[in-house]
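Note sheet for the following structure.
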Amino acid sequence: MRRLKNNGLSKERPLIVHGDPKSVGSEAFRTLRTNLRFVSPDQELKTILLTSVGPGDGKSTVSANLAVAFAQSGHKVALVGCDLRKPVLHKIFSMDNSVGLTALLTGNATIDEVIMSMEEVPDLDVIPSGPVPPNPAELLQSKAMANFIGELRERYDVVLFDGAPVIAVTDSAVMANQVDGTVLVIRAHEVPNDVAIHAKNLLEQANARLLGVVLNGVRPQDQKNYQYYYYYDSERAQ
Ligand SMILES: Nc1ncnc2c1ncn2[C@@H]1O[C@H](COP(=O)(O)OP(=O)(O)OP(=O)(O)O)[C@@H](O)[C@H]1O
Ligand SMILES: [Mg+2]
């Protein structure tokens with residue numbers, strides 16, 4: 001069994017939950033972690049896909065910080081780079097990306113060869129996506145991927161998948177019906193409502209179990225309004 005060690009967390013893209021755990025941002029990730037534990041008391045919620053409407057909304061940032069937040073609370077966590085078109089996790093975690101998920105799915109590596117254990121966050125293992133393949137969607141819906149997800153379920157308490165955007169490509173729709181739940185990351189102030197609703201519809205058509213939305217990049221001055229809307233919506237839901 002070969003288990004690779006990473007070189008350490010990136011200074012270019014620091015993880016707030018690891019580097020500044022007392023910050024407001026870190027507290028937001030801990031709240032997200034707690035909410036995800038309670039969103040589904042009756043159904044198992046072990047495998048979670050993070051996707052977004054378009055590129056750059058913050059999927060990789062949110063999934064990496066959330067993974068660290070789960071690890072900090074004693075969960076054994078795997079974070080899988082399944083945006084096979086734009087590999088990023090290896091940059092956040094300062095890792096080699098020459099062997100990753102794509103090598104596993106094409107039969108060129110074993111599971112233990114693609115799992116990177118994190119020296120700085122002991123309960124977190126990262127599986128980088130590996131070199132960009134010609135056929136991402138086919139790989140993600142392969143039997144090898146289903147077997148891999150099954151193996152991760154056995155080994156970990158929580159498995160987070162950092163996915164591709166849902167509107168441009170089918171990769172995340174393909175992933176969504178293989179996991180227990182999907183979280184949609186939306187960049188505040190940038191994604192029009194109708195586009196966000198279109199993304200939600202695409203996920204639902206793919207049989208995704210949509211757990212909720214992470215509104216990324218909310219400014220401090222916006223917080224009051226969002227709390228108001230949250231309160232308003234929950235009243236209507238009674
Ligand atoms: N809340 C935030 N505040 C400031 N910068 C942010 C925030 N969230 C993400 N970023 C920055 O925005 C950029 C895009 O974020 P990230 O890579 O997480 O998005 P993504 O949705 O995974 O993108 P892609 O579609 O390219 O995979 C990164 O440079 C990241 O550091
Ligand atoms: Mg990304």
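Brief remarks follow.
- Single match in 150, 181 (criterion: modelled with pLDDT of 95 or more and over 19 Å from residue 66 (Cα atoms)): 150
- Test: residue in the range 45-53 that is more than 13 Å from ligand 1 (Cβ to nearest atom) and modelled with pLDDT under 95: yes
- Residue among 73, 52 that is polar (S, T, N, Q) and out of contact with any Pro (no Cβ under 7 Å at 6 or more places or on another chain): 73
- Hits in the range 31-65 (condition: under 24 Å from residue 95 (Cβ atoms) and of a type in the set (Val, Ile, Thr)): 47, 48, 51, 61, 62
- Here residue 56 meets each of (1) on the phi < 0 side of the Ramachandran plot; (2) surrounded by fewer than 22 Cβ atoms within 10 Å (Cβ to Cβ) with one exception, condition (1).
- Positions within the range 59-95 being within 10 Å of ligand 1 (Cβ to nearest atom) and open to solvent by 10 Å² or more (accessible area, probe 1.4 Å), in sequence order: 59, 60, 61, 83, 85, 86, 87, 88, 91
- Any hit, the range 132-154, residues being in a loop (DSSP other than H, G, I, E, B) and open to solvent by less than 10 Å² (accessible area, probe 1.4 Å): no
The values are calculated or read from the model by the stated rules, or taken from the named source; none is laboratory data. Every value quoted in this text rests on a predicted model; they were computed, and no experiment measured them. Every residue, glycine as well, gets a Cβ built from its backbone with ideal geometry; the counts of neighbours run over all protein chains shown. These accessible areas exclude ligands, DNA and RNA; they are computed on the full protein's heavy atoms, side chains included. Shrake-Rupley method; radii C 1.70, N 1.55, O 1.52, S 1.80 Å.
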